[in-house]
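J.: Handing you this structure, nothing more for now.
The values are calculated or read from the model by the stated rules, or taken from the named source; none is laboratory data. No experiment lies behind these values; they were computed from the predicted model shown. Because the Cβ atoms are built from the backbone with ideal geometry, glycine has one as well, and the counts that use them run over all protein chains shown. Surface accessibility is based on the protein's heavy atoms, side chains included, excluding ligands, DNA and RNA. Shrake-Rupley method; radii C 1.70, N 1.55, O 1.52, S 1.80 Å.
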Amino acid sequence: MKKRLVIIPAFNEVGSIERTVEDIRKNAPSFDYVIINDHSMDGTKELCDRLGYNMVTLSINSGIGAAVQTGYLYGHRFGYDYAIQIDGDGQHDAKFLEKMADIMEEEQINMLIGSRFLGGEGFQSTGMRRVGIRFFTWLIRMLTGTTITDPTSGMRMVDKEVMHMFANDYPKDYPEPETAVTVLKRGYRVKEIPVEMKARAAGQSSISFKRSIYYMIKVPLACIMTAFGD
């Protein structure tokens, strides 16, 4: 069986990290996992240490991009064939992981995205965020000719080749739409399957109103530069 890794970026997720790991252990037993603790200040590290979880701790708070890239570096260094990001806030359901890995292998997919919108089940995000998501779906289609229904989904499985690429170069923040454009423009095979997501189990999202404005300016520009940069 090919080696499979779950990357769990975590910043101040003491209220949900145990549930996230136990969900993986129960519903995706063929996967290893690594928690990338982004210098949490709320007891996340202490809880994971006490429970004996596999964890890499960053010495400073570096942001979601750096945390996920650290996970890809870990996966590349230890020879994993597939890696998938599962957020530490409990929104992603591990029961879909085995199916996703099987599809990756059977269909020779380079990136497989779990879309909350294809099936219409589970938590569908907030109204304002759905507007933003639809905008990125439109933008990515304009730039690449491919429709991605859930371009902000962090639940994305990649193969060894894309993992190596992300280990070497990954956006600092809000990476999902930009990296989808990167993968598509380089000719990799990308597919979506329906998954169900849940509302955040605990804690607060890092995307405030002010950050949302920054997001809607920075990310489209980054996608456009990526599409026309090569």
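J.: May I ask you to evaluate 6.51 cos²θ - 1.76 cosθ + 1.60, the Karplus curve with θ = phi - 60°, for each residue of the stretch 82-94 and list the ³J(HN,Hα) values in order in whole Hz, giving x for glycine and proline?
T.: Once θ is set to phi - 60°, the couplings for the stretch 82-94 become 9, 9, 9, 8, 10, 5, x, 8, x, 6, 8, 9, 5 Hz.
J.: Which whole-Hz couplings ³J(HN,Hα) result when phi for each residue of the stretch 49-56 is put into the Karplus expression 6.51 cos²θ - 1.76 cosθ + 1.60, θ = phi - 60°, listed in order with x for Gly and Pro?
T.: Coupling constants for the stretch 49-56: 4, 5, 8, x, 6, 6, 8, 10 Hz.
J.: Roughly how far apart, in whole Å, are the Cα centres of the stretch 1-48 and the stretch 160-201?
T.: Cα centres, the stretch 1-48 to the stretch 160-201: 19 Å.
J.: Sticking with this structure for a sec: Divide by every residue of the chain the summed helix terms, -39500 (n - 2.57) for each DSSP H run of at least 4, and state the resulting mean residue ellipticity at 222 nm, rounded to the nearest 500 deg cm²/dmol. Numbers along the way, then the final one.
T.: Numbers: 9 runs with 106 residues, N = 230.
Only helices count here, giving -14000 deg cm²/dmol.
J.: Would you mind checking which residues have amide H under 5 Å from Met197's amide H? H placed 1.01 Å from N; only 5 or more apart, or other chain.
T.: Amide H to amide H, under 5 Å and 5 or more residues apart or across chains, Met197 pairs with Phe123.
J.: Sticking with this structure for a sec: Which is farthest toward the positive dipole end of the chain among Pro177, Leu143, Ile24, measuring Cα position about the Cα centre, with Cβ charges +1 (Lys, Arg) and -1 (Asp, Glu)?
T.: After comparing all options, I get Leu143.
J.: May I ask for the net charge around Met55, where only other residues with Cβ less than 9 Å from the Cβ of Met55 are counted and Lys, Arg are +1 while Asp, Glu are -1?
T.: 0
J.: Per-residue HN-Hα couplings for the stretch 183-198, Karplus 6.51 cos²θ - 1.76 cosθ + 1.60 at θ = phi - 60°, whole Hz, x for Gly and Pro?
T.: Each residue of the stretch 183-198 in turn: 5, 5, 5, 8, x, 6, 8, 10, 9, 10, 10, x, 9, 10, 10, 10 Hz.
J.: Continuing with the same structure: Which percentage, to the nearest 5, of the DSSP beta bridges contained in the chain is antiparallel?
T.: Here the antiparallel bridges make up roughly 25 percent for the chain.
J.: So who's got an amide H within less than 5 Å of the one on Asp87, skipping anything under 5 residues away but keeping other chains? H placed 1.01 Å off N, in plane.
T.: So Asp87 has HN proximity to His92.
J.: Name the residue, out of Arg130, Arg77, Arg50, whose mean-square fluctuation peaks in a Gaussian network model built on the chain with Cα pairs under 10 Å.
T.: Among Arg130, Arg77, Arg50, the largest mean-square fluctuation in the Gaussian network model of the chain belongs to Arg50.
J.: Next question. What size of dipole, in debye to the nearest 20, comes out for the chain about its Cα centre when the only charges are +1 on Lys and Arg C-beta atoms and -1 on Asp and Glu C-beta atoms?
T.: 500 debye
J.: Zone of Met225 (label point 7 Å along Cα→Cβ, backbone N under 18 Å): which residues in the stretch 142-157?
T.: Residues 143 fall inside that zone.
J.: Can you find, among Gly90, Leu118, Gly71, the residue sitting farthest towards the positive end of the charge dipole of the stretch 1-129, where Lys and Arg contribute +1 and Asp and Glu -1 at Cβ?
T.: Checked the options; the winner is Gly71.
J.: If you don't mind, there's one more thing I want to ask. Can you pull the one-decimal nm distance between simple spin-label points at Leu118 and Lys26, each 7 Å off the Cα toward Cβ?
T.: So the label points at Leu118 and Lys26 sit 2.5 nm apart.
J.: While we're looking at this one, here's another question. Answer rounded, prolate or oblate for the stretch 3-68, using the Cα gyration tensor with square roots of eigenvalues a ≥ b ≥ c: rounded when a/c is under 1.5, else prolate when a/b is larger than b/c, else oblate.
T.: Here the stretch 3-68 falls in the oblate category.
J.: On each of the three principal axes of the Cα atoms of the chain, give max minus min coordinate, whole Å, ordered largest first.
T.: If we take the Cα atoms of the chain, the spans are 48, 43, 35 Å.
J.: So, one more: Kindly report the accessible area of the chain per residue (heavy atoms of protein chains, probe 1.4 Å, no ligands, DNA or RNA), in Å².
T.: Per-residue value: 47 Å².
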